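The values are calculated or read from the model by the stated rules, or taken from the named source; none is laboratory data. Since the model is a prediction, treat every value here as computed from it, not as a measurement. For neighbour counting, all protein chains shown are included, and Cβ atoms are generated from backbone atoms with ideal geometry for every residue, glycine included. Heavy atoms of the whole protein, side chains included, go into the accessibility calculation; ligands, DNA and RNA do not. Shrake-Rupley method; radii C 1.70, N 1.55, O 1.52, S 1.80 Å.
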Amino acid sequence: MITIIVADDHPLMRSGVKSVLQSDKQINIIAEAQDGQEALNLIIKHTPNVALIDVEMPKMNGLEIARRILELKLKTKIIFLTMYKDEDMFNAAMDTGAFGYVLKENAAEDILEGVKTVASGDYYISPLISSYLVKRLNAKKELELRQPSINDLTKSERVILKLIAEGKTSQQIADELHISYKTVENHRNNISKKLNLSGTHSLVKFAIKNKEKI
């Protein structure tokens with residue numbers, strides 16, 4: 001049984017969505033809300049499997065609710081029900097940790113599949129805007145590929161980083177490698193720049209965390 005809360009400030013929309021959901025015996029609508037604050041309170045109280053939330057509601061909008069659920073580490077999965085087709089709104093919604101994005105104009109066709117898909121742990125996006133998810137995932141992959149890594153370092157820099165991970169100071173590294181203190185400091189600065197690290201202890205923390213990869 002999938003437990004669900006429906007939140008929308010338009011009574012007719014709520015009624016229509018409930019009618020579709022109630023046609024499936026696997027779905028149990030345990031509560032409904034007409035504004036954002038009421039929706040959040042019900043989600044905290046009942047912790048349903050899924051919360052179907054309108055993006056625009058009085059008192060608290062859907063994005064704020066989703067962020068709050070994320071902060072509280074609740075297990076309820078969010079599906080946004082919205083009229084907004086633009087990509088910026090889609091990305092803003094998915095950035096809150098939502099699992100679904102269903103267009104109101106296609107709710108009758110998409111909502112049942114969306115709820116079941118999300119309840120099982122997968123993402124569901126209305127087919128009409130599914131290309132947004134593909135673009136989002138591709139952008140994420142490109143970003144990961146551009147992220148600096150240990151592989152960007154020279155052999156000498158990796159030797160320095162390994163010694164830093166062992167807790168050695170710049171002077172100790174200089175003595176061990178028979179190079180000057182200034183050379184070690186230059187290496188440290190170059191490593192930090194390549195790895196986009198800033199702050200007094202960031203390099204040490206990175207070295208210790210990635211010790212096995214060096």
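Would you mind stating whether LEU40 is part of a helix (DSSP H, G or I), under 20 Å from the mean Cα position of the chain (by Cα) and at pLDDT 95 or above?
For LEU40, the condition - part of a helix (DSSP H, G or I), under 20 Å from the mean Cα position of the chain (by Cα) and at pLDDT 95 or above - is met.
Can you tell me which residue is modelled with the lowest pLDDT among those in region 122-136 that are assigned to a helix (DSSP H, G or I) and open to solvent by less than 60 Å² (accessible area, probe 1.4 Å)?
If we take residues in region 122-136 being assigned to a helix (DSSP H, G or I) and open to solvent by less than 60 Å² (accessible area, probe 1.4 Å), then LEU133 is modelled with the lowest pLDDT.
Looking only at region 168-203, filter to residues that are open to solvent by 50 Å² or more (accessible area, probe 1.4 Å) and among the hydrophobic types (A, V, I, L, M, F, W, C); which one of those is nearest to the chain's Cα centre (by Cα)?
Residue satisfying both the conditions and the ranking: LEU177.
Being of a type in the set (A, V, I, L, M) and at pLDDT below 90 narrows it down to one of ALA98, ALA119, ALA66, ALA92, so name that one.
Of ALA98, ALA119, ALA66, ALA92, the one residue that is of a type in the set (A, V, I, L, M) and at pLDDT below 90 is ALA92.
Return a yes/no flag: does region 137-147 have any residue that is open to solvent by less than 60 Å² (accessible area, probe 1.4 Å) and within 25 Å of the chain's Cα centre (by Cα).
Scanning region 137-147, I find at least one residue that is open to solvent by less than 60 Å² (accessible area, probe 1.4 Å) and within 25 Å of the chain's Cα centre (by Cα), so the answer is yes.
Return a yes/no flag: does region 46-61 have any residue that is within 22 Å of GLU113 (Cα to Cα), out of contact with any His (no Cβ under 8 Å at 6 or more places or on another chain), surrounded by fewer than 17 Cβ atoms within 10 Å (Cβ to Cβ) and modelled with pLDDT of 95 or more.
yes
Being in a loop (DSSP other than H, G, I, E, B) and in contact with a helix residue (DSSP H, G or I) (Cβ under 7 Å, 6 or more places away or on another chain) is the filter here; which residues of region 169-197 pass it?
Answer for region 169-197, where residues must be in a loop (DSSP other than H, G, I, E, B) and in contact with a helix residue (DSSP H, G or I) (Cβ under 7 Å, 6 or more places away or on another chain): SER180, LEU195, LEU197.
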